[in-house]
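The values are calculated or read from the model by the stated rules, or taken from the named source; none is laboratory data. All of these numbers come straight from a predicted model, not from anything done at the bench. Don't worry about glycine lacking a Cβ; one is built from the backbone with ideal geometry, like all the others, and counts go over all protein chains shown. Surface accessibility is based on the protein's heavy atoms, side chains included, excluding ligands, DNA and RNA. Shrake-Rupley method; radii C 1.70, N 1.55, O 1.52, S 1.80 Å.
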Amino acid sequence: MARILVIDDHDTLREGMAVTLTRAGHTVSAVRSGADGLAAWRKTPFDLVVTDLKMDGMDGIEVTKALKALDPAAVVMVVTAFGTIETAVRAMQEGAYDFITKPFPPEVLRAKVDKGLELSTTRRQVEKLTARTAAHDADAALTHGSLVGDSEPMHRLVAQVRKVAASEATVLVRGESGTGKELVARMVHQMSPRKDGPFVVVHCAALAETLLESELFGHERGAFTGAVKRKLGRFELADGGTLFLDEIGEIPASVQTKLLRVLQEKEIQRVGGEETLKVDVRVVSATHRDLQAEVKAGRFREDLYYRLHIVPLILPPLRERPEDIAVLARHFVAKHAARVNRRITGLDDSALRALARHAWPGNVRELENVIEQALVFAEGEVLTDVDLPSHLTGGTPRMDAGLPVPHGDRPLPDILEDLERQLIARAYEKAGRVKTETARLLGIKTSALYYKLEKYGFLPKGTPPEEG
């Protein structure tokens, strides 16, 4: 009827439970230690595990935690002696579905096991349904969504995301800058049972220590200078959903300690507050750093690393999936062409060859920036290698016939000013004379753009900084 694993270092009790459950029609494996039980599970998962609470070596709580890490859908029941029920409750908090107090008659064991098997069947049905839904969503994301690619490394990554998303395990996304770690985190959220809950992002590297603590945990009014009212932290805002901690390797030691406590206890305290608040949040974090090296160097807590690293997802750099370059390039043309008011339908072979030769140290983000820049200045209906930045083609930037040509009687600064003026003029027109968009295309601050527009006579002196 079902496959059941019994773990107990007391020979008589272990054999008695095995006999009772075998007579009930189940296939039973009985072992005498937690380590042996985990080894048996790794060979073939069971429908139900019955484990003693007090054992030499790994106790029942440690066994429960380890099994739930291997399979979040695992159904575990603990056996405890009278007077240690508080410990059994702790085991349930770690994921056990029930406990039974010894001594117990055979019919009580059978009833508890039947209840657990019903739960196991339900969980497996939900798991299959979720997997089918996630597979559909993942296929759509791979071809139509934000995570674009058709290479073998990307297919492997999406398959891993499918498995991980259905669990509640903490996820660490690793990869170089620009590979799309936040996109993977969003996929995990969208394919998970929490998809209808909030997805909250914290860019850890962008915040100072005091601000980061307030952002994560919130603060009470008067907690520090400038705290004029209560503020909810990102953990509270993500309750019932997913919290994505980007560049987790950048957080300072004091915040690491508090984050570890939240992950362990599932509760927070606002800065300046005394109230303890329960939070139901799945944490997905990301980093481009080697956190193991950071642990060895003493810059990152080892216990926090293992809390975050329960399930790792590794994003391959673009140079390791060159077959995705053309797919991504076409995707970015379709994504950005309309926004920059260009009727460009794709890329020709010369452009694709130039893109394929590049090493892409900035990964997918660099490729997107290159395509966006090419779209702004391209003249034809398809992008060619001439439209791409010169560092990709080995040539010099294309110049219109009207651009100034160096002469011996003109100093270089004057020539460069002419080039800058004409470049700004082209970008200004391409952006529909929208200043924030012009600044973005040129890669400069809006305040710097206003100065240059005034300098070159595109705006009257003293124009207020607002959209024109």
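Summary of computed values
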read-out	value
Förster-model FRET efficiency, 30 Å R0, His155 and Asp239, C-beta, rounded to 0.05	0.35
R0 of 35 Å, Cβ-Cβ distance Arg421-Ser177: FRET efficiency to nearest 0.05	0.55
Entries of Lys68/Lys266; Lys54/Lys102; Lys115/Lys278; Lys68/Lys163; Lys43/Lys68 with Cα pairs more than 19 Å apart	Lys115/Lys278
Hits among aspartates and glutamates - C-alpha to C-alpha of Lys435 under 15 Å, sequence gap 8 or more where chains match	Glu454, Glu466, Glu467
Computed Kirkwood radius, in angstrom, where 1/r is averaged over Cα pairs of the chain	26.7 Å
Estimated vicinal HN-Hα couplings, Hz - the stretch 38-51 in sequence order (Karplus 6.51, -1.76, 1.60; Gly, Pro = x)	5, 4, 5, 5, 5, 6, 8, x, 10, 6, 7, 10, 10, 10
Residue-normalised accessible area of the chain, expressed per residue, 1.4 Å probe, Å²	51 Å²
Highest average packing first - 173-179, 377-383, 260-266, Cβ atoms within 10 Å	173-179, 377-383, 260-266
With all protein chains modelled, accessible area of Met92 [1.4 Å, Å²]	70 Å²
Using θ = phi - 60° and Karplus 6.51 cos²θ - 1.76 cosθ + 1.60, couplings along the stretch 225-232 (whole Hz; Gly, Pro as x)	4, x, 7, 7, 8, 5, 10, 7
Between the stretch 60-82 and the stretch 326-355, the Cα center-to-center distance that results, in Å	53 Å
Net lengthening on full extension, Asn369/Ala39 (0.36 nm per residue, minus Cα-Cα)	113.9 nm
Sequence-distant residues sharing a close amide H with Val201 (under 5 Å, placed H)	Phe244
Cα shape, the stretch 1-63, gyration tensor, a/c 1.5 rule	oblate
Added length on full extension, which subtracts the Cα-Cα distance from 0.36 nm per residue, Asp290 to Glu118	57.6 nm
Estimated [θ] at 222 nm from DSSP helical runs (n ≥ 4, -39500 (n - 2.57)) normalised by residues in the chain, nearest 500	-14500 deg cm²/dmol
Dipole axis of the stretch 336-397 (+1 Lys, Arg; -1 Asp, Glu on Cβ), positive-most option in His391, Pro361, Ala337	Pro361
Distance (nanometres) between label positions extended 7 Å along Cα→Cβ at Glu267 and Thr12	4.1 nm
Cα gyration tensor shape for the stretch 1-132, rounded if a/c is under 1.5, else prolate or oblate	rounded
Relative packing of peptides 232-243, 318-329 - highest average C-beta neighbours within 10 Å first	232-243, 318-329
Rounded to whole Hz, the Karplus (6.51, -1.76, 1.60) HN-Hα couplings of the stretch 442-452, x for glycine and proline	7, x, 10, 6, 4, 5, 5, 5, 4, 4, 6
Potential extension, Arg230-Leu211 segment - 0.36 nm per residue separation minus Cα distance	5.4 nm
Spin-label zone in the stretch 359-380 - amide nitrogen under 15 Å from a point set 7 Å from the Cα of His391 along the C-beta vector	359-374
